[in-house]
Amino acid sequence: MKRTWWKESVIYQIYPRSFNDSNGDGIGDIPGIIEKLDYLKELGIDVIWLSPVYESPNDDNGYDISDYQKIMGEFGTMEDWEQMLAEIHNRGMKLIMDLVVNHTSDEHQWFMEARKSLDNPYRDYYIWRPGKDGKEPNNWESAFSGSVWEYNEATDDYYLHLFSRKQPDLNWENPKLRSEVFSMIKWWLDKGIDGFRMDVINFISKDPSYADGEVIEGKAYASGHKYFMNGPKIHDYLHEMNQKVLSEYDIMTVGEMPGVTPEQAELYTREDREELNMVFHFEHMDLDAGPGGKWELRPWSLVELKKIFTKWQTRLSGEAWNSLYWNNHDQPRVVSRFGNDSEAYREISAKMLAAALHMMKGTPYIYQGEELGMTNVPFDSIEDYQDIETLNMYRERVEAGENPEDLMKAIHVKSRDNARTPVQWDNSKHAGFTDGTPWINVNPNYERINAEANVNDGNSVFHFYKKLITLRKQHDIIVYGDYRPLLEKDEKIFAYIRELDDEKLLVINNFTAAEVDFHIPEEFKGVQNSKLLISNYEASDMLQDFTLKPYETRVYKTS
Ligand code: NOJ
């Protein structure tokens, strides 16, 4: 397997609105990021993935871009951005930007032109269809509720928006549009950035049939997923992007890909196919969702979780490469989801989850605040929520007669705002995030859970993450070793082996609050030279049968 810098890196995601506010307007900004670069350097991360900072009316917090080549006023100026890039590079770190090219904002110049008339030169930059029997062209449901189609009076037809009606989908069939997007990508790469995270990039090729999705009884709209996820020309477009732009630079790329299977991921990331370096899949994120989607809560099982990880680890073991993540700005906080955020177990389980993830094969991603063990926040009132997905769902379902209390329960567990409360820097007012009024409330637990307390406590979640990152730099096996699962049917322990040449890692994680006996596998019996690389409790270097404490993790290395 080829060795590359992005396989050896740890990536840290910044969601700028919630990261750090330097000017007291309650909104995180670029100078605020610059202030915290030393903190990130101390944590040891290699690459920053910055969620969108481009000009945007903020219908979806910057994922609705109205100008790809301008910085959003609330976040600062292009000079601030350039200073940030220089300061990141000066510290030996890298920067990848978010590339959102499945759609633009409806306030983007292209769309404002396109919607004017049927013969406007920008018309074919977007996707238009006539109505059917006075209704929308098909029955697909938008990710943010309602139809994916919006009527446009001037042209008497509908435009497609897989997300909000303020996020019209771009028409990748149009070579002119593709070439505009490629020049924009090149423009950013020429500024010296180190790559891109690509937003829902496996949605850019749509099945031209635009056929109706399968209707589920009692539902107004149907899923159109199979008509736009991993569509017919997706590999052509990504290969073209790679050949025309990406391959000219030493960069990394990661594509966000809902609905991607390991078989498809291999096609997207295998080195000889020249498309992308990594994908974000969602299989482990879908584990606690029912057939009705993310708001339908379902208990998750460790056996299923392990099955998913093992499938991806083994399937992508050759020339393709995995991304590893628990969290991002769209997902609930991992310690509340797969760990235990009670006072007694929050820190210990946050550490266990970190080790379980970082010791697998792939590039690990940390989402802001994850390194502090930040938790979900159950706001009492729907008024406290800001996220368009949450608010649209709540409104639509209350109107349809669903019980608001049940909806609030689902929101507490799943809302994207769980990830979007401000980073908790210290125990001062608003957690030190802003001197003004934050755009979204701070999680009230900031007095206990914050960066200052974490940095000052050598035994904190922060220092555990730091150690994991250091270990990755010291031991090639953590990056390049092969993965082999253990105890696949065990409902409490997630254990696996990594192997590189004559070295082995044994990774053992207790996912429960109970004590559990662990019997070392035959192949480790009698091994003399074992070393405990990391644990969240005191433990010895000796590898022998033992009882795992609640949420205990241990990583042993032998050679
Ligand atoms: C995925 C992004 O992560 C999410 O935040 C956004 O709402 C959608 N794509 C649409 O851009």
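The values are calculated or read from the model by the stated rules, or taken from the named source; none is laboratory data. Quick caveat, the model's predicted, so the values are computed rather than measured. As a convention, Cβ positions derive from the backbone with ideal geometry for all residues, glycine included, and neighbour counts pool all protein chains shown. The area values use the complete protein model at the heavy-atom level, side chains included, leaving out ligands, DNA and RNA. Shrake-Rupley method; radii C 1.70, N 1.55, O 1.52, S 1.80 Å.
Is one or more of the residues making up the stretch 177-189 assigned to a loop (DSSP other than H, G, I, E, B), open to solvent by less than 30 Å² (accessible area, probe 1.4 Å), over 18 Å from G255 (Cβ atoms) and modelled with pLDDT of 95 or more? Scanning the stretch 177-189 turns up no residue that is assigned to a loop (DSSP other than H, G, I, E, B), open to solvent by less than 30 Å² (accessible area, probe 1.4 Å), over 18 Å from G255 (Cβ atoms) and modelled with pLDDT of 95 or more. Given the residues A143, A114, which is the only one that is more than 30 Å from F19 (Cβ to Cβ), in contact with a helix residue (DSSP H, G or I) (Cβ under 8 Å, 6 or more places away or on another chain) and not assigned by TED's automatic domain parsing to the domain that holds G28? The match here is A114. Any chance the stretch 420-429 includes a residue that's crowded, with 20+ Cβ neighbours inside 10 Å, at negative phi, of a type in the set (A, V, I, L, M, F, W, C) and part of a helix (DSSP H, G or I)? The answer is no, given that none of the residues of the stretch 420-429 is crowded, with 20+ Cβ neighbours inside 10 Å, at negative phi, of a type in the set (A, V, I, L, M, F, W, C) and part of a helix (DSSP H, G or I). Each residue in the stretch 371-410 was checked for being away from the ligand (no atom under 16 Å from the Cβ) and either part of a helix (DSSP H, G or I) or open to solvent by less than 20 Å² (accessible area, probe 1.4 Å) (or both), and 23 pass. If only residues of the stretch 500-520 that are assigned to a loop (DSSP other than H, G, I, E, B) and surrounded by 14 or more Cβ atoms within 10 Å (Cβ to Cβ) are counted, the one that is modelled with the lowest pLDDT is I520. Reported count of residues in the stretch 79-96, each being surrounded by 15 or more Cβ atoms within 10 Å (Cβ to Cβ), under 13 Å from D194 (Cα atoms), more than 16 Å from the ligand (Cβ to nearest atom) and not charged (D, E, K, R), is 4. The listed residues are G76, G26, G62, G32, and the only one of them that is assigned by TED's automatic domain parsing to the domain that holds N277, within 20 Å of W187 (Cβ to Cβ) and open to solvent by less than 10 Å² (accessible area, probe 1.4 Å) turns out to be G62.
Selection of the stretch 123-149 for residues being surrounded by fewer than 21 Cβ atoms within 10 Å (Cβ to Cβ), hydroxyl-bearing (S, T, Y) and more than 16 Å from the ligand (Cβ to nearest atom) yields only S147. Taken over the stretch 297-312, the criterion of being in contact with a Gly (Cβ under 9 Å, 6 or more places away or on another chain) and either open to solvent by 10 Å² or more (accessible area, probe 1.4 Å) or acidic (D, E) (or both) is satisfied by L297, R298. Scanning the stretch 151-191 for residues that are more than 16 Å from the ligand (Cβ to nearest atom) and of a type in the set (D, E) turns up E153, D156, D157, E173, E180, D190.
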